[in-house]
Amino acid sequence: MQPDDLTRVLAPKLGENLLGVEAFEGMAGRVRFRREAALDLFRAVRDDLSFAHLSMVGGIDWVDHREVFYVAWSDSARQYVLLSTDVPATDAHVETASAVWPSANWHERETWELVDITFDHHPDLRHLLTPDGYAFHPLLRSFKIHEPEELEVKTRHV
Amino acid sequence: MSQATLYSVSYDLSNTIASALGSVLPSGARDLITSSGVVTGFAVVIFAVIILAATMLNTILLIWWERKLLGRFMDRRGAMHVGFAGLLQNFADGFKLFRKDTVKPREADPLGFYFGPTAYMITSLAIFGILPISSGWDTGALPLTLLLALAIFAFAPLFIFVSAWSSNNKYSLMGGMRSAAQMIAYEVPLLLAVVSVVIVAGSFDLNTIVYEQQNYWFWGPLILALIVFVAAMLAEMERIPFDLPEAEAELVEGWNTEYGGMFFAFFMFTDYLRALVGSVLVVLLFFGGWTLPSWVPSVATSWPLAGIFWFMVKTYIVFGVFVWIRASLPRVRTDQLLRVGWNRMIPLGLVSVFVAALLVVAKCVWPFGCLPTP
Amino acid sequence: MSEMWINMGPQHPMTHGLWNLRVRIDGEVVLDVDPEMGYLHRGIEKISEDRHYNEVVTLMDRTCYVAGLAWEHLYILASEQALHITPPERAQYIRMTCEEFQRIGSHIMWYAAFVNDIGLMTPFLYGMRDRDLVLDLFQSFTGARMTYEYMRVGGVRNDLPPTFTDQARKVLDWLTDRFREYDQLCLGSSIFHKRCDHLGVLKANDCIAHGVTGPMLRSAGVKRDLRKDRPYARYDAVDFDVAVADGADVTARYLVRMEEMRQSIRILRQTVDWLEHHPGPVMAEHLPRWLGAPYAPVGREGYLLKRNYAKGVGFSAVEEPHGEAQAYVVNEGTEHPYRVKFRSPIFANLSAARQYLVGYRVADIPPIMGSVDPCIGEVDR
């Protein structure tokens, strides 16, 4: 599968919300999209392009904005595809993918707590790796590991 | 001189000590000490101490035997460093546990927490007071020794459950529940297997049961009862494959999760005590106790204490089989265990009772021979 | 008994690591589970941002402590793509050899832990005994038994010693015999089948929906192996089969992992033969100086240097012993990766815990979790 194939299927579905499809070494391509069309894109990628297996969700802090990326695998094409969208740092949220791919659940929890990107309508947005009540987002560039931090951990009572 | 018995040995010892003491004391005290009542009472105490010491020593030796055997099964050498071939390793472990503190959880009920393991050990120790280990080496001819031993043996679930419940820990509680369910379920096939032996031997007295095996050992014709007995005994002893109450994979340590120090040592020690009781009962009921088949040359049995020697050899071999089973089988699940107990073991036990009845009617069975005529 | 929550972990024999499985039970039946992770979170992705590319390799050994070389391979592949470097062929074969030996070592470790979960103690020690041989091999060329720090961007740190091929062949012959013994101890026992058949079933559809990969996915009948489907290093040049089973249960996962070890032996015989006859360099030429040095300079100044190299983004996916691991490395033209993101296969496999645990019994949890083969270091990172 080539980037052109991706464009041919996705462009009619997403319209102007598809910002472009680039070539990516070792992958079917890198799809850039606007976050408003997230759910449409996920459905199209899963159902029309048969990328049934979501492998990874991650976030990157580019200081002025943040990027969310998704990696999905297709068994029929034997290829990965990379989907990415930019969100402003002041209003970092995007629609959850866990309604389309249940496997996104934990990946999004992790991205939420580490990169501070909120996933709307996520079924279970709790802390996963950091303790409950941890107020920091370690993977932001503003979080310096050389500086001491004041850590306040609430104990969870079950 | 007649054959030495455990009581005669204790009495002689008591008598010797009393007369030695009396020779250095004034006459009034001498008369008191050498009077028959005091000597007899003192003999009973010595008797009990001998049994207790022998039991403890054997149990510790049994743990060593298991560790060495298990090591060999697993392609390693087992305990090696303390004493010759690690013989003193268990004493070292015991001293370590003795020195350690027993930490009681704050919410635990102190009465049950401390009473459970203590009573568990004491009752199990009491069984050895009535088990014969050679002809004459017993407490005397109680007519119902076997029944009494099994009755004391069956106390255990109660004490386990008491200590599990009072630990106030969910794992302990689940282990205690499993333990109680399993022991009660396997009590029935255990007794059915015993009943088959009792039918053939015609007595609840262990001495008589051993005497009845002079022509052939019972394991041959009563092979079904042996299978049921060993399986039920494994469940009662809580050894692999039936060690679910302390299945460490899911229940941490089962009903003794919260115990440490000496009370943990009580539990471990008692587990092996019960394993020893199990092996001894298998030997007594199915493998002729301290006797050997008649074709064995009399050289093997004519020397003093030969009966005890052969009895111990048999016991350790039987326990070795238990260790072998432990080294090669995985653990079953509670529901599977109970299903096997109720659906397989009890019918098998009933069949073996039937076989035993046939055996009594037939008197002589080829190729084993005849029961001795009273 | 009424319903109750119990905490299986963070210190519990079932966990094989440091995590907490909260279980809601009614008697012995599991009604709900809630895995709690994070007890071993060390922020490896964050630490990587302040390290040179080769220094991150040190962290990779700590992600999964039983499959360190596979994780090094993963990170190195992504970094090389991000930095536009091609390693020599001999280095690629050495990496494959490392990864396959690591797979055998990891699977033997899994075997030992798994059988211990169902109460078999003897095979546990057999497994540990045989894994030592693999560790001896690693020690012979990396100098370490657990934290190897062997692979470098552009190749590997040093070549194999001349005795390696003979020693490796001896180990492979020995292991081939031992695997037969392993099977006898497990598959030959009817209690094993009673405990493991139809247990922890996770069908292919659920596997894919929940992102489950590796032996768990292959045990559900899906023939997917990145070494075949998306060959990296020189996996396209070796001949092997993908291990697949149908049951989707614990027994099927056992069968898949045992078969994978046999296939690894098959691959290793080919790579060892190749390595014997093809000497050559093990590091790429024309590397930037800071990359070619065995240890990059460390110091306060080192962090402040900003030079301009070609930017790039690297993505790699490796069939790690536990499943499909992925790395995403962003190179912004400095000596440190701008962002490193790892995808741990067990992270996804554990996130589906509710699917394969609910409805079974408390006593089934250890065998099921054992068949998942959790390694918490790589889940928490």
Item to complete: Straight distance only, please: which lysines reach the Cα of C:Lys228 with their own Cα at less than 25 Å, same-chain residues fewer than 8 apart left out?
Response: C:Lys203, C:Lys341
Response to the item:
Summing +1 per Lys or Arg and -1 per Asp or Glu among the other residues with Cβ less than 13 Å from C:Arg227's Cβ gives -1
Worksheet entry | Coarse-grained scattering of the range C:127-232 at q = 0.18 Å⁻¹, given as base-10 log I(q)/I(0) from a Debye sum over alpha-carbon atoms | -1.11
Worksheet item: Alpha carbon centre of the range C:344-381 versus the range C:1-57: separation in Å?
Response: 10 Å
Practice prompt. With runs of 4+ DSSP H residues as the only contributors, calculate the mean residue ellipticity of chain A at 222 nm using -39,500 (n - 2.57) per run, divided by the residue total and rounded to the nearest 500.
Written response: -5500 deg cm²/dmol
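Fewest to most neighbouring Cβ within 10 Å: what's the order for C:His277, C:His52, A:His121?
Listing C:His277, C:His52, A:His121 from fewest to most nearby Cβ atoms yields C:His277, A:His121, C:His52.
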Discussion item. If you build the convex hull over the alpha carbons only and average its shadow over all orientations, what do you get for chain B? Give it in nm² to one decimal.
Written reply: 22.6 nm²
Item to complete: Please arrange B:Ser19, B:Ser167 by counting, for each residue, the other beta carbons lying within 10 Å of its beta carbon, fewest first.
Response: B:Ser19, B:Ser167
Discussion item. Between helix C:68-83 and chain C, what is the angle of the helix's C-alpha long axis to the longest principal axis, kept within 0 to 90° and rounded to the nearest 10?
Written reply: 40 degrees
Fill in: Percent of alpha-carbon pairs separated by more than 20 Å within the range C:1-118
60 percent
Worksheet, complete the sentence: Per residue of A:98-107, other chain Cβ atoms within 10 Å number on average 5
Practice prompt. Take the Cα atoms of the range A:3-107, build their convex hull, and give its volume per residue in Å³.
Written response: 96 Å³
Worksheet entry | Largest to smallest principal axis extent of the C-alpha atoms in the protein assembly as shown, angstrom | 112, 60, 60
Fill in: Candidate lysines - alpha carbon under 24 Å from B:Lys96, same-chain residues fewer than 8 apart omitted
B:Lys68, B:Lys104
Worksheet, complete the sentence: Quick note on B:Trp310, B:Trp290, ordering by fewest other C-beta atoms within 10 Å, gives B:Trp310, B:Trp290
Worksheet item: Between C:Gln184 and A:Ala23, what is the label-to-label distance in nm when each label sits 7 Å out along the Cα-to-Cβ direction?
Response: 5.7 nm
Discussion item. In Å and on Cα atoms, what radius of gyration and Dmax does the range C:56-352 show?
Written reply: 19.8, 65
Discussion item. What do you get for the angle between helix A:3-14 and the principal long axis of chain A? Use alpha-carbon atoms, 0 to 90 degrees, nearest ten.
Written reply: 80 degrees
Item to complete: For chain A, find the longest principal axis of its Cα atoms and tell me its angle to the long axis of helix A:104-115, 0 to 90°, nearest 10.
Response: 50 degrees
Worksheet entry | Within chain B, helix-based [θ] at 222 nm, where runs of 4 or more DSSP H residues each add -39,500 (n - 2.57), nearest 500 | -22000 deg cm²/dmol
Response to the item:
So, over other residues within a Cβ distance under 10 Å of B:Val323, counting Lys, Arg +1 and Asp, Glu -1, the net charge is +4
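Computed from the coordinates by the stated procedures, all read-outs in this text should not be read as laboratory data. Bear in mind the structure is a predicted one, so any value in this text is a computation, not a measurement. Cβ atoms come from the backbone with ideal geometry, glycine included; neighbour counts cover every protein chain shown.
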